Amino acid sequence: MIPSLLQTERLILRPWREDDLEPFAQMNADPRVREFFSSTLTREQSDAAIRRYQDQYAEHGFCFLAAELRQTGAFAGFIGMQIMDFPIPNIAQPAVEIGWRLPYSLWGKGLATEGARAVMDHALRRQKLHQVVAITAPNNVRSRHVMEKIGMQYIQDGDFDHPRIPEGNPMRRHVVYVSP
C-alpha cells in the first residue's frame with residue numbers, strides 16, 4: 001500500500017481533500033489535458049472520480065493520489081495506482097494500473113516521471129506486486145514516453161479496444177505497457 005504521504009524531490013502524493021475538488025475539475029475541463037480521452041469532464045464527473053479514488057484508497061490502501069508541489073503546496077494533478085475494473089487481454093487479473101494526470105501548466109517539467117517512478121518503486125519493491133500496467137491511446141506519445149522512462153515495456157501484441165470508449169471513437173484503441 002502507498003502510505004498516506006509519498007514524497008519525491010518536488011512532489012507530495014497524498015489522499016484527496018475537499019480543496020482538491022475545484023482544481024481537479026478545472027484540470028479535467030481542459031481539452032489539452034483530456035486530449036487522449038473521449039471527452040472533457042464536468043464538475044460532477046470530476047467530483048465523482050475523486051469519490052471513487054477515495055473509496056479505492058479506503059478499500060485497497062492505494063489509488064490515484066492527489067499530487068501537490070512540495071515547495072508551494074499547489075495542486076499538481078494525480079499520480080498513483082488503481083485496481084482496474086475491466087480486464088485487459090492477456091494480462092493477469094486483477095491488473096494494477098499506474099497512471100497520472102497533471103494540469104497543462106505543469107507539463108514538460110518531469111513531474112509525471114518523477115512521481116510515477118516513486119509509485120512504481122513502491123509498488124514493486126515495497127508492495128511486492130508482480131506486475132503493474134499502464135494504458136493509453138497509441139498516439140499519446142507524452143504518456144508513452146513517461147512509461148518508457150520509468151522502465152515499462154510496450155507489449156507488441158497487447159493493443160486492445162477500451163471497453164468504455166464507444167466504437168468509432170478514435171481514442172478506443174489502446175496500447176499496454178508493463179513493469180519490468
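The values are calculated or read from the model by the stated rules, or taken from the named source; none is laboratory data. From a predicted model like this one, the values you see are computed outputs, not experimental measurements. Backbone-built Cβ (ideal geometry, glycine too); neighbour counts: all protein chains shown. Ligands, DNA and RNA are excluded from the accessible area calculation, which covers all protein heavy atoms including side chains. Shrake-Rupley method; radii C 1.70, N 1.55, O 1.52, S 1.80 Å.
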**Linear extension gain, residue 21 paired with residue 157, 0.36 nm per residue minus alpha-carbon span** = 45.2 nm
**Asked** When the Karplus curve 6.51 cos²θ - 1.76 cosθ + 1.60 is applied with θ = phi - 60°, which whole-Hz ³J(HN,Hα) does each residue of the range 141-155 get, with x for Gly and Pro?
**Response** 5, 5, 5, 4, 5, 4, 4, 5, 5, 8, x, 6, 10, 5, 8
**Asked** Name the GluC sites (Glu not before Pro) in the range 1-49 that are in a loop by DSSP and that have at most 13 other C-beta atoms within 10 Å, would you?
**Response** 9
**Item:** Listed residue (111, 86, 134) projecting farthest to the positive dipole end of the chain, Cβ model
**Value:** 111
**Request:** For every other residue with a beta carbon closer than 15 angstrom to the beta carbon of residue 124, add +1 if it is Lys or Arg and -1 if Asp or Glu, then tell me the sum.
**Result:** +2
**Message:** Applying a 10 Å radius around every beta-carbon, put 143-150, 69-76, 125-132 in order of their mean neighbour count, most first.
**Reply:** 143-150, 69-76, 125-132
**Request:** Grab the beta carbon distance between residue 169 and residue 51, set R0 = 30 Å, and tell me the FRET efficiency rounded to 0.05.
**Result:** 0.75
**Prompt:** Applying 1/(1 + (r/R0)^6) with R0 = 25 Å to the Cβ-Cβ distance of residue 72 and residue 148, what FRET efficiency is obtained, to the nearest 0.05?
**Reply:** 0.30
**Prompt:** For the chain, what is the calculated [θ] at 222 nm in deg cm²/dmol (nearest 500), taking -39500 (n - 2.57) for each run of four or more DSSP H residues and dividing by its residue count?
**Reply:** -8000 deg cm²/dmol
**Item:** Debye log10 I(q)/I(0) for the chain, one point scatterer per Cα, at q = 0.16, 0.17, 0.19 Å⁻¹
**Value:** -0.99, -1.15, -1.49
**Message:** Under a Cβ-only charge scheme (Lys and Arg +1, Asp and Glu -1), can you give me the dipole magnitude of the chain about the Cα centre, in debye to the nearest 20?
**Reply:** 440
**Asked** Roughly to the nearest percent, how much of the accessible area of the range 76-165 is carbon and sulfur, given a 1.4 Å probe?
**Response** 49
